[in-house]
Amino acid sequence: MRLLTASLFGSMIFALAACGNTPTERAATGGLGGAVIAGPAGAVVGGTVGAATAP
């Protein structure tokens, strides 16, 4: 059950990181999604993923 929960949260971070048109918007939405799911560490990861996925 924990694996399912972790994978769902992980996919939510990637979905939120895809929101926005610019690297700044993607980093911000990824950071917010990560903060909601995993606290400060999640915010860092979400922001990094958001910025890295920018076109």
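Shown here: volume of the Cα convex hull per residue in Å³, derived from the displayed model; of the candidates (1) 56; (2) 116; (3) 71, it corresponds to (1). Packing here is the average count of other Cβ atoms within 10 Å per residue, and on that basis the peptides 23-31, 39-47, 2-10, highest first, run 23-31, 39-47, 2-10. Helices in the chain, meaning DSSP H runs of at least 4 residues, each add -39500 (n - 2.57). Divided by all residues, the mean residue ellipticity at 222 nm is -29500 deg cm²/dmol.
Only the coordinates and a few stated rules stand behind these numbers; no lab work does. Note that the coordinates shown come from a computational prediction; the quantities given were computed from them, not determined experimentally. As a convention, Cβ positions derive from the backbone with ideal geometry for all residues, glycine included, and neighbour counts pool all protein chains shown.
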